[in-house]
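Novice: Mind having a look at this structure? Questions to follow.
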Amino acid sequence: MDIPNIKHEVTETDLSHLRFDNGFVRELPADPLVTNIPRAVRNACYTRVDPTPVRAPRILAWSDAVGATLGLRTAESWTGEAAEVLGGNRVLQGMQPYAARYGGHQFGNWAGQLGDGRAITLTEVIGVDGARHDLQLKGPGKTPYSRTADGRAVLRSSVREFMCSEAMHYLGVATTRALSLVATGDIVVRDMFYDGNPEPEPGAIVCRVAPSFVRFGNFEILAAHKEFDELRRLADYVITQHFPQLGAPSPTTYAQWFEEICRRTATMVADWMRVGFVHGVMNTDNMSILGLTMDYGPYGWLEGYDPQWTPNTTDAEGRRYCYGNQPHIAQWNLLRLANALYPLINDKSPLEHGLAVFSDAFNTATGRIMADKLGLRELDQPGDDRLIAELLEILQAVETDMTLFYRNLAATPVDAENDNALIAPLRRAFYSEDALAPAHTNKVAAWLRSYAARVRHDALPPSGRIARMNRVNPKYVLRNYLAQLAIDGLVQDDASMMKRLMHVLQRPYDEQPEHDDLAERRPEWARNRPGCSALSCSS
Ligand code: AMP
Ligand code: MG
């Protein structure tokens, strides 16, 4: 069935007024069994399964912008129909909920079948923009893919996904979004530190929204089991639905499609690097086929600039998913996807070409980003590579806040003769007093002198240059400790910090001086506090 691309307006809070369409369920092979017990599923892309009801669903947070795209007014009732549907207690007529089947490479190893163990897509909604949006609940109970786990999510990780996916959107990073955060009224037990001390925690469900939640792993599982017919059907569906510009599926189209996935993934990761985001679990089952940031788990934001930093305690040993390794891992994951798609193309060279496109696209994007971050016209002068290498060296030499450094670089008076004046706007970026001793400030000042000379060489009008820098160097990011403060508040039934953050993070590049306190260095109390510095996968 073709959905005509007509715009419609719905301004109800009532979800039953939305236009549902279930393309994924209609077009793709279903698991013939509907028994909801953990099992290996074969020759299918999904299993039909309904959410398991919760005790007392209550909406804690709502994204007005996402709601408006779907055609929903801001939920006024925190316990009415919207809470019932988005908490998984009611399936509306026209919805056909399902859990997707996928596998994945986790920490470098093939892990076999994973699947939506605690995610259920309720339906696809044709939004007021005419586009297709999947509504997916995270934490709605067990599915055939739950293995030994409970299919639930705790409040702390749900708040983190809700807030960060919206914040990333406003930073201009490709991402899935979030419509609602629902407290379930149920208790979920988690061993947060994996130290044998499970604790009861409040449960929650996020309704996340994206054109599609298909991952690299959805293709990998089909290829791994040599289910080539299903593999082709999934590829054709994704191309027809989400990459229509590529035309009718064929081996040539598959190759162009892979290239496009490589390009989008490169752009996404270049943006992560730009804003200091560390995903934390770049397994292939967490990589979106649309190049969207997805599956927000133990992610984190760089405070001190450190390419080795990983927020994920499970990754502390190998640092596979640390900040600096993200581009490499993205390409490694794309190679896994290439292997999965090979049976459709039967030719290595276009896939190798796609991987080369990833490198080119990443390098081009990064060059543009660095030029913008530094307020330079282009990185086309002989000393530019050295200027950047020296910058990254001084950022690592002592603990230096990445966000504050780049943001405040725009305030450096490039015409100043005096080192103190050059360095003054950057002092707030240093974490320790030692950094302010001459041993280090002399190095920073020396770099700033070269930088200032380079800026003067470009001779761009200062106001335009500074505005451009401020469009790529955010003032406000979801610092790890800020997310934790929002969680601490909600646990006490106080949503004020979350609301304030959600409001400020909608304009991360604007000064908003009344919120300066949210753009400060991480306070010392948060340096080693759980949730503020290191996070586990327990969620
Ligand atoms: P993640 O590390 O959260 O990306 O999850 C990896 C796999 O484990 C996916 O198949 C998830 O659906 C599944 N999973 C994670 N947590 C749970 C849970 N509490 N219940 C059931 N499945 C889960
Ligand atoms: Mg995942």
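Novice: Can you say whether residue 337 is buried (at least 23 other Cβ atoms within 10 Å of the Cβ) and closer than 20 Å to residue 220 by Cα, as far as the supplied structure shows?
Specialist: On the way: buried (at least 23 other Cβ atoms within 10 Å of the Cβ): yes; closer than 20 Å to residue 220 by Cα: yes.
Yes; evaluated as a whole, the condition is true for this residue.
Novice: Follow-up. Collect the residues in segment 432-447 that are closer than 21 Å to residue 520 by Cβ and in contact (Cβ under 8 Å) with a residue 40 or more places away in the chain, keeping them in residue-number order.
Specialist: Initial filter on segment 432-447 (closer than 21 Å to residue 520 by Cβ): 432-436, 440-441, 444.
Across segment 432-447, the qualifying residues are 440, 444.
Novice: Does segment 248-263 include one or more residues that are more than 30 Å from residue 83 (Cβ to Cβ), modelled with pLDDT of 95 or more, touching a helix residue (DSSP H, G or I) at 6+ places or on another chain (Cβ under 6 Å) and outside any helix (DSSP H, G or I)?
Specialist: The answer is yes; a qualifying residue exists.
Novice: Considering each residue of segment 421-441, count those that are surrounded by fewer than 12 Cβ atoms within 10 Å (Cβ to Cβ) and touching a helix residue (DSSP H, G or I) at 6+ places or on another chain (Cβ under 8 Å), and give that number.
Specialist: Residues meeting the conditions: 1.
Novice: Restricting to segment 85-96, name every residue that is under 23 Å from residue 234 (Cα atoms) and buried (at least 21 other Cβ atoms within 10 Å of the Cβ).
Specialist: First pass over segment 85-96, keeping only residues under 23 Å from residue 234 (Cα atoms): 94-96.
Selection gives 95 alone.
Novice: Output the residues belonging to segment 278-311 that are within 16 Å of ligand 1 (Cβ to nearest atom), small (Gly, Ala, Ser) and at negative phi.
Specialist: Answer for segment 278-311, where residues must be within 16 Å of ligand 1 (Cβ to nearest atom), small (Gly, Ala, Ser) and at negative phi: 288, 297, 300.
Novice: Only one of (1) more than 16 Å from ligand 2 (Cβ to nearest atom); (2) surrounded by 20 or more Cβ atoms within 10 Å (Cβ to Cβ); (3) not hydroxyl-bearing (Ser, Thr, Tyr) is not met by residue 154, so which one is it?
Specialist: Every condition holds for residue 154 apart from (1).
Novice: When the residues of segment 60-90 are narrowed to those that are β-branched (Val, Ile, Thr) and touching a Leu at 6+ places or on another chain (Cβ under 7 Å), which ends up farthest from residue 208 (Cα to Cα)?
Specialist: In this case the residue turns out to be 85.
Novice: A further question on this structure: Please specify each residue of segment 116-131 satisfying the condition of being in contact with a Ser or Thr (Cβ under 7 Å, 6 or more places away or on another chain) and surrounded by 15 or more Cβ atoms within 10 Å (Cβ to Cβ).
Specialist: Within segment 116-131, 116, 117, 118, 120, 127, 128 qualify.
Novice: Restricting to segment 279-301, name every residue that is in a strand (DSSP E or B) and within 16 Å of ligand 2 (Cβ to nearest atom).
Specialist: Initially, segment 279-301 is screened for residues in a strand (DSSP E or B), giving 288, 293, 300-301.
288, 293 - these are the residues of segment 279-301 that are in a strand (DSSP E or B) and within 16 Å of ligand 2 (Cβ to nearest atom).
Novice: Give 99, 82 a once-over and let me know the one that is more than 16 Å from ligand 2 (Cβ to nearest atom) and either in contact (Cβ under 8 Å) with a residue 12 or more places away in the chain or crowded, with 21+ Cβ neighbours inside 10 Å (or both).
Specialist: Exactly one residue qualifies, and that residue is 82.
Novice: Exactly one condition in (1) within 16 Å of ligand 1 (Cβ to nearest atom); (2) surrounded by 24 or more Cβ atoms within 10 Å (Cβ to Cβ); (3) of a type in the set (A, V, I, L, M, F, W, C) is false for residue 187; which is it?
Specialist: Going through (1) within 16 Å of ligand 1 (Cβ to nearest atom); (2) surrounded by 24 or more Cβ atoms within 10 Å (Cβ to Cβ); (3) of a type in the set (A, V, I, L, M, F, W, C) one by one, residue 187 breaks only (2).
Novice: Please tell me if residue 400 is of a type outside the set (D, E, K, R), surrounded by 14 or more Cβ atoms within 10 Å (Cβ to Cβ) and without any contact (Cβ under 8 Å) to a residue 40 or more places away in the chain.
Specialist: no
The values are calculated or read from the model by the stated rules, or taken from the named source; none is laboratory data. What you see is a predicted model; the values in this text were computed from it and never measured. Methodologically, a virtual Cβ is constructed for each residue, glycine included, from the backbone with ideal geometry; neighbour enumeration extends over all protein chains shown.
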